[in-house]
Every structure is written in C-alpha cells, then in structure tokens.
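Nothing in this text is a laboratory measurement; each read-out follows from the coordinates by a stated rule. Just so we're clear, the structure is a prediction, and the values are computed from it rather than from any experiment. We place every Cβ from the backbone using ideal geometry, glycine too, and count neighbours over all the protein chains shown.
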RNA sequence: GCCGGAGUGGCGGAAUGGUAGACGCGCACGACUCAAAAUCGUGUCUCGCAAGGGGUGUGGGUUCAAGUCCCUCCUCCGGCACCA
C-alpha cells in the first residue's frame, strides 16, 4: 500500500464529517439509550494548546466507543466567551472585544475540527451571544424573585490590577486567581447570591455522586461546615449610659465553658466599634489597614482590652474581661469568641502574651452545658455568599435598574429588576473600554445606555453597570446544550428531561471549588424553582491530569517548553496525537504527564505498521484467536473505565502478533478496535476495503469460550519463590497439577528440592496461575 | 495543624492477594546501506562467567503467597487553615 498520507486523509474525513453533520445528535434514536458526555467548554483565547487536545480529543475516544456500542451520545462543544482577556486585548490593541472574541472562536473552530473529534456542532453554545445571555439574565431574575439574590455593602476582595471585585473562590493565597496580584479588601455594595443557603445540601448530596473522593473532600473542606453552639454572655459595665445587652459567641467546644478566662471580639464587632477608648480606636484603625493576607498570614497575637465592660460566664457567673483582637474574624460565627487558653492553642498564645489567666478544667458534657446555659445549637460555614458583580465591561449586564424615587424596601432598596419582556439587556459597544478606576465598569460612561425608565414608576432611573461573574455564564451551559436554539425558554422541559443529568463530566481539577461548586448550586436552585428535574447536574465526574513540557515542567513561553499541537499534527497527524495522549497515562487520574516527543513518534510508528497490514486468506492460529478475543474484551473494558493507556497497549500487543499474517475477519475487527483512537485512518481503511457502514461501524463482540488457551504456563513456587514454570492444561485437577509441579521442581532445581523432599507441609494450586509448595 | 492521594527500571507507566517491570520511549548490538536516516531483528531491573541470589520509599505485621491488606516512620502532590 502507498505511504500513509495523514495530511490529505485526515483533511478529507474531517471535511466529510463536518459537511454531513455526521455527529449531530438527535434527541431520541430508536433503540438507543441516550448518553450525555460533557467536557468543560473552552475559553476563546485564540489558540489551541496541548491541554485542549487532552481535554477534547482523548474523551472523543470514549465517545466514539460508546456510539459503536449503540448509545446515542451527545458530545457538545461551545465557548465560554465572556471574560477579561477580551477586554484587556481591546484596551491594549484598541480592538472591539466582541470582534476579538468572535474572530478567535472562528479560528478555534478550525483547530478543534483538526482533532477529528465527533462534536455535535449543531448544538454550539456561545455565552457572549444575546440569545444565550438573555437566559442567563432570566435565570438571575428567577433567583432574585426567589430571594436568592441580594445587594449588600460588605468587605469584598478587590483586585487592583484587574480593577474588579472577585469572589472568595477566585482568591488563592490572598492573590487574584487570574493575574496573581495581591487582593485588597474594600467596602463595596455588590450583588450576592445566597449559595450559603445550600451549604448543607452541597455537602450532604455529595455522598450519592459517583465522583472521585478528592473532589468530594475538597468541596467539603471548602464549604467548611462546623457544628457548635451559640452562647450568650451577659455584659456588665460600670459606665451606666451604655446599654450593652449580651455578647453572643459561637463555639464548637461548649464543654470548655468553665475554662473561659476572657472574651475576644473582632475589630469589626459592634462592641468594639462603639468604644470611644483611644487605644481601641487606634487598634481598629490598624487592623483595617491590613490586607487579608497580612491579617491571616501573621500568627502574632495582637490586641487591646475593651475597658469598662466585662462579660459574665453563664456557667459559673464569673466576670471575665473582653479584648479586641484581630485573630478573631468579623465575618465568621458571631465575630466574637469565648477564650479558653487551657484548651485552645491560639487562646493560649494570646493569654501568655497578654498575661491573662489560664484555667485548667475538667471537660464536661457539651449537650448538658448548652442546655444548662440556654445555648442554641447551630452550624457555621467557611463558605461565603457568591459575590457576582464585576466592574468590567465584557460580561453579561446585570438586569437591574436603580430608581431613587420608587425605592423598594428591604435589602435591595432602590433596585428593581428589568421586566422579563425586556430581556436581553444587550451589552452595547463602547468608544473606549478603559475601566473608570473608581470601582465602576466602563459601561458607566455610556450615559445613553445607563439612563433608562424605571420599570416600576416609569421615571428616570439608571441601569446597573456591573456585569456578572463569568462563572454565572458557565453554571448552566450544559443545560442549554440540550436545546440551544430555543427562543422561548432557556431549554424545553422535554429536552432537559431527555438529556439530564449529564452522564459523565470531564474537566480540570482547578474547577473543583469554583465552576463545579457554583454549577451544582445553580442547578439545585433551579431544581427548587421547578426548572429542572433533578437536584444534581452531573452523575459522574472525572478530573483529568495535566500535560507538562518535555522537561516535566509546566508548559510556559518563558521556559521555552511549549509544544504546539498544530505543528505536531502537521508532522505526524491528528490520529497520532490523539493516540499518544491516550497512551501517556490513565486518563481518569490527576497525574502530570510530560510530553515526550519520541513518544509521538512511537505511536506514529505503530500506525504506519497498521497501515501496511495486509489481510490474507489464512486462518488464525488458535493462540492468536484467543489473543484477539481477549483484546476485544480488554480494549472495550479499558475504554469504558477510561484506562486508555492500557487499551492502546493491548492494541499494540495484538498488532505484534497479527502483523506477519492476519485473516480478513481478524483484520476487520482490529480496525474496528482502532477506530475510536485513530478514526481517520480507520475510516480510510474501511473505505478502501469497501466495507459498508453498518458492516463495521459497531463494536466487535468476543467469543466467551475463546478467552483462554487450553494450555497455560503455571509458575511453581517453593515457599512463594518461583522455582520453575510448567505447561498445564487449563482444566487440570489440583492433584494433576501438584504432581507435575513436584516433578518440575525436582527436575529443574535438584539441589534445593532434594533437601526439601519429604518435608512438604502444604501445597496450594491456584488454577491456571501458580503452584506453591510449602516446605 | 486537619483532611485526601501517591511513592515500582534511565523515562511515561503495567500488574482481580498469585510468575513484578506488560506496552511504549530510550539505550546496546545486529541486518539492510558506500554511508546515514528510515525500517526490521535481538537484548535491556540488579549482583553473578554460571549455578544461584536480591529487588516495588522505611521498619514491622497478616497470609501458603504482599507492589497490592494492616500498623510505624519518611518523602512528594492536592484541598483547607488564626474559621473559634
């Protein structure tokens, strides 16, 4: 046969697949079960890297296998198209962010097609299209009506470089997750979504999901539930004009109540704030100046006493002093603690530094104590509500309008939602995309857009100029895939029911406590609104690993270790790259696999040998026939469990055996097994052999009776050490096996066995595997 | 500090408690070639000429049999962390 010309052959099949819509998935297919395979949609950065290939081309092996097995598989693709890079490119190069984004999308479509992946392009979803974000806004308004959205002035994370607020999840080690700048704390009014209302369900519902343990653990840690009690301490003061009431603390250790020697309130606590003591005022001011990282990073225990007021321990009526210290956080629990230096390391440090008493006590029963002092059992979470306002342009406009005149009451005072009939609130183009720098989106400069009639009173009002966090966009894209062109609903009930929940979701571990948590919450909230039929969106989730540079380091331009997939594809072909990435390691484990340029050559070598394979009229030997059946079984099982590396290895072993001589039947089966991995080559071979679709585009079956050779090699051990191997009939009895085993060791290992002869204490035969003689 | 996960050749990695190192890369030698590349063949855990011995981070344990199960320690990776 001619040399394998991957360039023309791959191009030919890719064009055919696209023009025929070969992988457009019907919502129902007779006799076929639906299977929804989802992988995180890409950000249109403008260029595909090896990570994209790993994310999309490797799962395509699984998808094509499932199709061959008769499933109606949806494998959709889209673009998470809003976000800062488009805006930054616009500012830097004087471009329109919309054009930048959509040009990138167009270019990346071509690159994605070069994978030969079986995407259903007819379901493409782009979050920056008004036809999509109309429904993002609509969902936001449903959440608003349900009371899940509120506006509040709180201390928020502010990125001084990206000039926007960030959610807690987007701050890593005190730094902006995107750009690495140190995050500052600012008091700003922002739109929040009540994810904390779902904290318990987000933890408790994990137990029924077929998800890796590490993701469940990470989410549970992130939500950080702790159970304890709130206990009131009466305040007493020698300053009569103050009516101080009580000081409530949260504790997980009510049993230590008798060991309390002082109290601590956070600098933000009302009790500290209303003090006119100069020392306290100064301390509060200092604490305010600290960044989050400085405050939680330094373990040094500073603080000042709040003079003139004491707390009374409800357990024993003893009077204890109250201190203000920033090791107590204002936004957790009640912002105040009872300090038990004998039983808490931090309290001990503080007590030692400030000469406060340390009182050893007998621990008592928590339940009884809480009951005795009238405490209230409660839970606290590390999880914070989701701040979704972003002071940036390239995002979904938040569909809210501020009207001074007809201000509604309550926490959202002054704000009214845009009428649903007015959706979408379209994001306009601007002259200049520079942020205002005053904590406002550049949209604020577009006055004719901002000024709008109040939806309630019709008077002059102003639009919200912040846009939504892009994690809102991506919280429901997989629902839109089920019905991407629907103009009347975000998706029809029927179609949602047909496809959801997602059967398998593949993605990166970096989304564990961001997208994956947000979208679980979002889906649960939609479930409560009756919009979807199940409370968990993804039945099974897997985190894939990372592809590193050839030097084992993370690929980066500065290290010069970046592999350009387009170049490798041009040189060796898409099938080679797909198969190499499948071969590099188990797909369903979070490893870091270095790209080995020689490895791709090895896979290409394998494919070249496949290409040269010529079937003949010969018959397979019984041994090779067994191997063929074993391989069919193994490759199928391995793909199903995403152990693609061992599936590839099984194909290589089979090729090594059939290379010299292969029957027509075995040849076809081999090509069928190869097809998910190297679809271009497989289709080309099928066409050249004149096979009809229905004749080969299926998964071959194996003969259960031909999985084992009649004769097997069995190891003979003495005390667990292999001393010989013998040929044995697979159905040999234990007695026969042991007789032959003893003969074998006698023959091969005269010396040692002679000395052991007659001393055999025990003999074990594991059929077809091993004989162990214990002496 | 708390919670997960993982430690196997020169490298990526294989091994339902049953012959450790499959498969691939690399390397060595050989064939082809004037030569090289490509390709093909053979070998490749380790000590030993061999017979044989040793070997899956450490030390113990369970078992006829342990990379695999249990305990100790060490190292690495990930999540959380002044969260009361």
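Restricting things to alpha carbons, find the Rg to Rh ratio for region A:1-106 using the Kirkwood radius for Rh.
A ratio of 1.07.
Given the convex hull of the Cα atoms of region A:458-537, what is a quarter of its surface area in nm²? Please report the intermediate quantities before stating the final value.
Details: hull surface 29.7 nm².
For the Cα atoms of region A:458-537, the hull's average projected area reads 7.4 nm².
Using the alpha-carbon atoms, what tilt in degrees (0 to 90, nearest 10) does helix A:50-68 show relative to the longest principal axis of chain A?
Orientation of helix A:50-68: about 60 degrees from the principal axis.
Just to be sure I understand the model, the point goes 7 Å from the Cα along the line to the Cβ. What's the resulting residue A:722 to residue A:129 distance in nm?
5.9 nm
Would you mind giving the average projected area, over all directions, of the Cα convex hull of chain A in nm² with one decimal?
Reported value for the Cα convex hull: 45.9 nm².
Using the alpha-carbon centroid of each, what span in Å lies between region A:100-130 and region A:392-407?
31 Å
Please report, largest first and rounded to whole Å, the three semi-axes of the ellipsoid equivalent to region A:67-126, where each semi-axis is the square root of five times an eigenvalue of the C-alpha gyration tensor.
Result for region A:67-126: semi-axes of 31, 11, 7 Å.
Taking only Cα atoms of region A:62-196, what ratio of Rg to Rh do you get with Rh as the Kirkwood inverse-distance radius? Mind showing how you got there, number by number?
Details: Rg = 19.4 Å, Rh = 18.3 Å.
Taking Rg over the Kirkwood Rh, I get 1.06.
Given a Förster distance of 60 angstrom, what is the FRET efficiency for residue A:488 paired with residue A:252, based on the Cβ-Cβ distance and rounded to 0.05?
0.75
So, R0 is 35 Å and r is the distance between the beta-carbons of residue A:456 and residue A:153; what FRET efficiency does that work out to, to 0.05?
After rounding, the FRET efficiency stands at 0.95.
So for each of A:304-317, A:274-287 I average, over its residues, the number of other beta carbons within 10 Å; can you give me the resulting order with the highest mean first?
Numbers: A:304-317: 17.6, A:274-287: 14.9.
Going from most to least packed, we get A:304-317, A:274-287.
What percent antiparallel are the DSSP beta bridges of region A:37-181, to the nearest 5?
Of all bridge pairs located within region A:37-181, approximately 60 percent are antiparallel.
If you average the sequence gap of Cα pairs under 8 Å that are 6 or more apart and divide by the length of region A:126-238, what percent do you get for the contact order?
21 percent
Taking a spot 7 Å from the Cα of residue A:592 along the direction of its beta carbon, which residues of region A:211-228 have an amide N less than 11 Å from it?
No residue qualifies, since no backbone N sits under 11 Å from the label point.
I need the P(r) histogram for region A:629-775: all alpha carbon pairs, bin width 10 Å from 0 out to the longest distance, whole percents.
Taking all Cα pairs of region A:629-775, the binned fractions are 10, 29, 21, 18, 14, 6, 1 percent.
If you take the square roots of the eigenvalues of the alpha-carbon gyration tensor of region A:202-336 and sort them as a ≥ b ≥ c, do you get rounded (a/c under 1.5), prolate (a/b over b/c) or oblate?
Cα axes put region A:202-336 in the oblate bin.
So, in nm, how far is label residue A:182 from label residue A:617 when the simple model puts each one 7 Å beyond its Cα toward the Cβ?
In this crude spin-label approximation the distance works out to 8.3 nm.
Based on the Cβ-Cβ distance from residue A:419 to residue A:201, what FRET efficiency comes out when R0 is 56 Å, to the nearest 0.05?
The computed FRET efficiency comes out at 0.95.
Could you order the peptides A:129-137, A:29-37 from most to least packed, using the average number of other C-beta atoms within 10 Å per residue?
Highest-to-lowest ranking by the protection proxy: A:129-137, A:29-37.
Report, largest value first, the span of the C-alpha coordinates of region A:255-335 along each principal axis, in whole Å.
Cα extents, longest axis first: 39, 29, 20 Å.
For region A:427-459 and region A:176-194, what is the separation of their C-alpha centers, rounded to whole Å?
If we compute the Cα centre of each part, the gap is 21 Å.
Just the number, please: percent antiparallel of the DSSP beta bridges in chain A, rounded to the nearest 5.
About 70 percent, rounded to the nearest 5.
Mind ranking A:108-121, A:602-615 by how tightly packed they are, going by the mean number of other C-beta atoms within 10 angstrom, highest first?
Put in order of decreasing packing, that is A:108-121, A:602-615.
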